[in-house]
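The values are calculated or read from the model by the stated rules, or taken from the named source; none is laboratory data. Quick caveat, the model's predicted, so the values are computed rather than measured. Here Cβ is always computed from backbone atoms with ideal geometry, including for glycine, and neighbour counts include all displayed protein chains.
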Amino acid sequence: MDSASSPLHSAKAELKPLVAVVMGSDSDLETLKPAIDILQEFGLKVQVRILSAHRTPLEMVNFAKAAETQGLKVIIAGAGGAAHLPGMIASLTSIPVVGVPIQSKYLSGIDSMYSILQMPSGIPVATVAIGGGLNAGLLAAQILGAFNNKVKQRVSDYRKSLHDQVINKDKSLVDIGTNEFLLQKKANNL
């Protein structure tokens with residue numbers, strides 16, 4: 001499908017959020033905020049919700065069942081504690097779901113990561129690193145970029161900026177040496 005005729009490219013689609021970021025608790029927002037930020041930086045509208053698979057299961061089910069008709073194209077779901085939210089949402093919609101394991105107090109998010117990774121056959125959930133909100137946002141943008149050249153270009157520009165940052169750091173390290181580089185780095189982080 002040509003991006004000009006894609007539903008992601010229409011004026012009507014521009015008015016609606018294309019990505020939802022969902023968490024089971026407001027304590028997950030700090031981990032998911034980088035996903036929201038990068039998507040908004042790319043000019044995408046984001047719907048942000050708190051929907052617990054255990055404390056608000058009916059609302060979570062209603063959200064997941066209505067997601068496609070509301071125009072959502074990707075759902076990012078935080079997985080903390082019992083980590084059921086990404087999998088439950090994925091079981092209720094055909095929209096791609098990206099699970100973000102939330103670092104936990106007792107098991108460091110490994111439990112959440114395993115929960116997302118071990119989805120049963122037929123109910124896939126993409127998984128990023130523990131605490132990987134930024135990568136979840138970038139993956140959502142890449143999925144949308146497959147159908148929208150503007151989003152695809154923004155992802156490419158972002159990648160180029162990462163490349164340029166490393167090239168500039170390498171040049172600085174070579175020019176000023178290890179000790180001065182570390183001193184400047186420490187001064188900039190304070």
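Remarks
- Residue in region 115-127 that is nearest to the chain's Cα centre (by Cα), counting only those that are more than 17 Å from residue 23 (Cα to Cα) and in contact (Cβ under 8 Å) with a residue 24 or more places away in the chain: 124
- Each residue in region 135-156 was checked for being within 16 Å of residue 79 (Cβ to Cβ) and in contact with a helix residue (DSSP H, G or I) (Cβ under 6 Å, 6 or more places away or on another chain), and 2 pass.
- Residue in region 84-102 that is surrounded by fewer than 16 Cβ atoms within 10 Å (Cβ to Cβ), at pLDDT 95 or above and assigned by TED's automatic domain parsing to the domain that holds residue 22 present: yes
- Of all residues in region 25-52, exactly one satisfies the criterion of being touching a Gly at 6+ places or on another chain (Cβ under 6 Å) and part of a loop (DSSP other than H, G, I, E, B), namely 52.
- Within region 162-182, residues that are under 28 Å from residue 134 (Cβ atoms) sit with their Cβ atoms under 8 Å from residues that are of a type in the set (S, T, N, Q), at 6+ positions apart or across chains, in these pairs: 172/184; 181/172.
- Qualifying positions in region 72-91 - part of a loop (DSSP other than H, G, I, E, B) and either basic (Lys, Arg) or within 19 Å of residue 138 (Cα to Cα) (or both): 72, 73
- A single member of 94, 156 is under 18 Å from the mean Cα position of the chain (by Cα), farther than 14 Å from residue 23 by Cα, without any contact (Cβ under 8 Å) to a residue 40 or more places away in the chain and assigned to a helix (DSSP H, G or I), and it is 156.
- In region 119-146, residue surrounded by the fewest Cβ atoms within 10 Å (Cβ to Cβ) [restricted to those that are of a type outside the set (A, V, I, L, M) and assigned to a loop (DSSP other than H, G, I, E, B)]: 121
- Which numbered condition residue 17 misses (of (1) at pLDDT below 95; (2) assigned to a loop (DSSP other than H, G, I, E, B)): (1)
- The residues of region 32-70 that are buried (at least 16 other Cβ atoms within 10 Å of the Cβ) and touching a residue at least 60 places away in the same chain (Cβ under 8 Å), listed by number, are 32, 34, 35, 36, 38, 39, 42, 44.
- One residue from 185, 105 being of a type in the set (Lys, Arg), surrounded by fewer than 22 Cβ atoms within 10 Å (Cβ to Cβ) and in a helix (DSSP H, G or I): 185
- Screening residue 189 with (1) without any contact (Cβ under 8 Å) to a residue 24 or more places away in the chain; (2) more than 26 Å from residue 28 (Cα to Cα) gives one miss only, at (2).
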